Every structure is written in structure tokens, then in C-alpha cells.
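Everything below concerns the one structure shown next.
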Amino acid sequence: MRERVLSLKARLVGTMALLFLAGTVAMYLAARAYGLRAADLSYDRLLAGSALSIAETLSVDGAQVRVDIPYAALDMLSAAPEDKVFYRVFGPGAQTVTGYADLPQIPASRFRRDEPSELPAPRFFDATFRGEVVRFVLLGRQLAQPGLHGWVWVQVGQTRQAREELAGELVLGALLPIALLTSLALALAWFGVGRALRPLESLSADLAGREPSDLHALGVPVPAEVQPMVNAMNGFMRRLEGNMAGLRSFIGDAAHQIRTPLAGLRAQAQLALEEDDPREMRRGLANVERNAQRLTRLVNQLLSDAMVMHRADLRSFESFDLVDVIKRAMRDAVPMSGDVQVGFISSMARARMRGDAVLLGEAIKNLIDNAIRHGTPDAFGPDAEVEIALRQEGDTYALTVSDRGQGIAEADRARIFERFERAGTRSSGAGLGMAIVSRVVNSHGGTIELIDREGGGLTVRLSLRGMR
């Protein structure tokens, strides 16, 4: 089953929705914290006012603390009718004067007995009492009467239900506009992303409406962020168009080059079949065999040329030993040399470089084959020599293949590296060997030179960058 892939629009808007959701959660937490602080501030004032009203009624009767809980003190807290109220008045020694004797004590970090003023500031704290969270205030008053000296404390508590409800209302009032704005922002984002992606739809429509052979550059106006992708696609189509043009040229050239030898083979075979004389028939079959060899070489070189074109574009380079590549190329090419002597001279046991060993091997085989076939005329005798040499020159390797042939005229050297071009009219080759060599050397960033060999003949010199 094919995996479902979300559209780019859905991904962008989904990512923005997640960001908005995270922002909404953060704003909810901030709004709730603010709501709780605001509710505590409002109800703490009422709580402190209630404790202060009780503290103002404190008096001393002999050695006893007297307190008259005013109705107004607890009436202040009636704004939260569903909440419970607890109070306690206790004097020196923590002796309860009135109220709930088991009320929680204030944490030590919030309690100071050395207040400089007569009426210290109220201390607020939360504690659990009888299974509920209660907000308490502690207010002290210092008494100095005959028979009684010290602090008397008033502690008043109220459950938090009203505070939570007020905080919830504040949070809800803040989140409703936020939710509306978030929904509006997501709707605008959906519309905006769709509008921003329209150039991609135009690109898709342009490509979908083209013929398979139409590889001209895309001209659809696109935003700056999409332009690199369009440039990459245009570059790819230029390379593809070049490859297609090369392929068409190769097919046309191959068809033209093969058609003529095939026609000759057929004519020679027909002539041989019509001969009654066995000797003439044998001579005709020998011509057929000789032309079949030429056709086989042509086909092999065409295939080699196609392989070189493909691998040169791939540039799949790896580290290898150039000496080993030369020796393998010699083993493949030299058996065809007959009596021609082929030697290899190099002071290096290994020559490390980075490139395509298959391509370089093909190029070297073509150089050796050309030297054997076209560089050893009968004038030099059956022992004419072909010399292969490799030496290092700084960061490069100099590979030379020398023969004792007639060489190549200066006028022909400029075009000898073109496909199906031959050096002189007497050459029987297909005109692909040097074109293959040139393409391989260029793909490796090297250079190729044709030099007259001292004593007669031609030297082909390749300069290839070594491995640093």
C-alpha cells in the first residue's frame, strides 16, 4: 500500500497550528497565573480587613484577653457565600482565646515575632484544613497591660472556591479573544499558504502540459525562495537535453557508420555465392571475414564510446592505482599486436590517483591499439616498437604512448579528437579512438598532447592529476 504523503500546504498550516496551540497553552498558563494572583489580591484585602476588624476589638481584663467578634468582621467575607470561614484568636503561649484551636500554623518562613511596629503587616499563606485548601491571614497585635504582656494573634481563613471561580472567569475572558484570534490566524494562514504555493501549481501545469521532447527552461515567475529549485530544474533539463542530443547524435552516427559496412558485407557475400571457382569463392569469403572484423571493431568502439559518454557524465570517482590500470590495459590490448613489441617503463611501483579506473583503462587501451594498428608500418619491420612510459612530475602523472608510425600531420591534429575523424585518408579506423581518449582525459581534468617522436613516429602524452 502506498504511503499517504501530506501536501505541503497541510504541512505548513499544520506546523503553524501546532505553534499556535503551544502559544495558546502558554497564554492559558500565564492567564491562569495572572487570574489567581488577581483573585488572591482581591479576596486577600477582604480577608485582611476582617482580621483587622477583629484585632481592633482586642482588650485585656485582668490577666485575660477579651475579644468581641464584630458582625461586620465576618460580613466582609459574605461576597463568597459558598466558601467556609474559620478564625482563631490566640495570645502569648499560643493559648487559644476563641475560635478553632486546630487551625494550621503559619510556615516558619513567613512568621516573624520581632516586628518593629505595633501592628505588623498581615501574613498570608495556604494550608489544608479539614480536607480543603484554605487561604489564611495572620495578624498580630502587641499588648502591654498590667498582668499581660506580649503578642496576640488573629488568624482568619477562607476556602478558595470563590477565588477559583473568579480566576476561571478572568482566564475565560482572556482566552476567548485569544481563541478567536488564533482561529482567524489559522484561516488567514491557510489562505496565505495556498496563495504562496500557487507558483508551484503553475510549475506543475507547465511541466504537465509539455511534450516529452520539450526541455526548454521554465519561465514561470516564482518567489525568491522557490527560485533555487527552478534553477536546479532548468540546469537538470539542460543536462538532460545535452544527453538526449548526444544520444540522438550517437544513434544517427552509429546507424550511418554501420550501414555502409553491412551493405559491403552483403555484396561481397553475394559475389562469393555466385562464384563457381573455389579459389575466387575463397577470396570472396576472405574479404567477407576481413570486413566482418572491421565491423566488429567498429561496433566495439561504438559501444565503448557510449559507455565513456555515460560514465564521464556520472563522474563516479574512486581511488585506484594507475600502474595497475596500465598493466591491465596492456594485457587486453597487446595480444592483438602480433609481432609488435610493446614495453612499459615506470620507476613507480604504485601511482595513486582518484578517478574512474574503467574509463582510464578504456582510454589507454585505445591509445595502445592505435599505436599498434596505425603506428607500426611495414617500413619499420615486424619488430617495430610501441613504448608506454609513466613518470611523476610534481602533483601530476605523465603517461606517454609512443610508436614508430608515420605520425599525424599538423593540419590533422586539431580535428583528430573529434568523433569519426581519421588522420589521413589511408587510415582504416573508425575515427573513435582518440575521441574516446579526449573525453576521458577531459573528465579527469587532465590534458593531452601530440608530440613528434625523436627518430620518427608519434608520442601521445597524457597529464593526469595525482592523489594528494
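Numerical summary
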{"read-out": "Criterion (closer than 30 Å to ARG419 by Cα and either without any contact (Cβ under 8 Å) to a residue 24 or more places away in the chain or exposed (fewer than 14 other Cβ atoms within 10 Å of the Cβ) (or both)) met by exactly one of ALA245, ALA205", "value": "ALA245"}
{"read-out": "Of all residues making up region 28-68, the number that are of a type outside the set (Asp, Glu), closer than 18 Å to LEU143 by Cβ and either in a strand (DSSP E or B) or at pLDDT 80 or above (or both)", "value": "13"}
{"read-out": "Residue check for VAL325: modelled with pLDDT of 80 or more and within 18 Å of ILE364 (Cβ to Cβ)", "value": "yes"}
{"read-out": "Single residue of region 163-208 satisfying the filter (hydroxyl-bearing (Ser, Thr, Tyr) and farther than 30 Å from ARG32 by Cα) that is nearest to the chain's Cα centre (by Cα)", "value": "SER204"}
{"read-out": "Residue list for region 278-326, filter: surrounded by 15 or more Cβ atoms within 10 Å (Cβ to Cβ), basic (Lys, Arg) and under 20 Å from MET353 (Cβ atoms)", "value": "ARG311"}
{"read-out": "The listed residue being outside any helix (DSSP H, G or I), more than 22 Å from GLY242 (Cβ to Cβ), assigned by TED's automatic domain parsing to the domain that holds GLU387 and in contact (Cβ under 8 Å) with a residue 24 or more places away in the chain, out of VAL342, VAL334, VAL323", "value": "VAL342"}
{"read-out": "Residues located in region 259-301, provided they are of a type in the set (Lys, Arg) and touching a residue at least 12 places away in the same chain (Cβ under 8 Å)", "value": "ARG294, ARG297"}
{"read-out": "Filter result (without any contact (Cβ under 8 Å) to a residue 60 or more places away in the chain and either within 20 Å of LEU390 (Cβ to Cβ) or buried (at least 21 other Cβ atoms within 10 Å of the Cβ) (or both)) within region 443-461", "value": "GLY445, GLY446, THR447, ILE448, GLU449, LEU450, ILE451, ARG453, GLU454, THR459"}
{"read-out": "Qualifying residue in region 218-226 (condition: assigned to a helix (DSSP H, G or I) and either out of contact with any Cys (no Cβ under 7 Å at 6 or more places or on another chain) or among the aliphatic types (A, V, I, L, M) (or both))", "value": "no"}
{"read-out": "When residues of region 417-452 are limited to those that are closer than 25 Å to GLN293 by Cβ and of a type in the set (S, T, N, Q), the one modelled with the lowest pLDDT", "value": "THR425"}
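The values are calculated or read from the model by the stated rules, or taken from the named source; none is laboratory data. In this text the structure is predicted, and so the values were computed from the model without any measurement. Cβ: placed from backbone, ideal geometry, glycine included. Neighbour counts: every protein chain shown.
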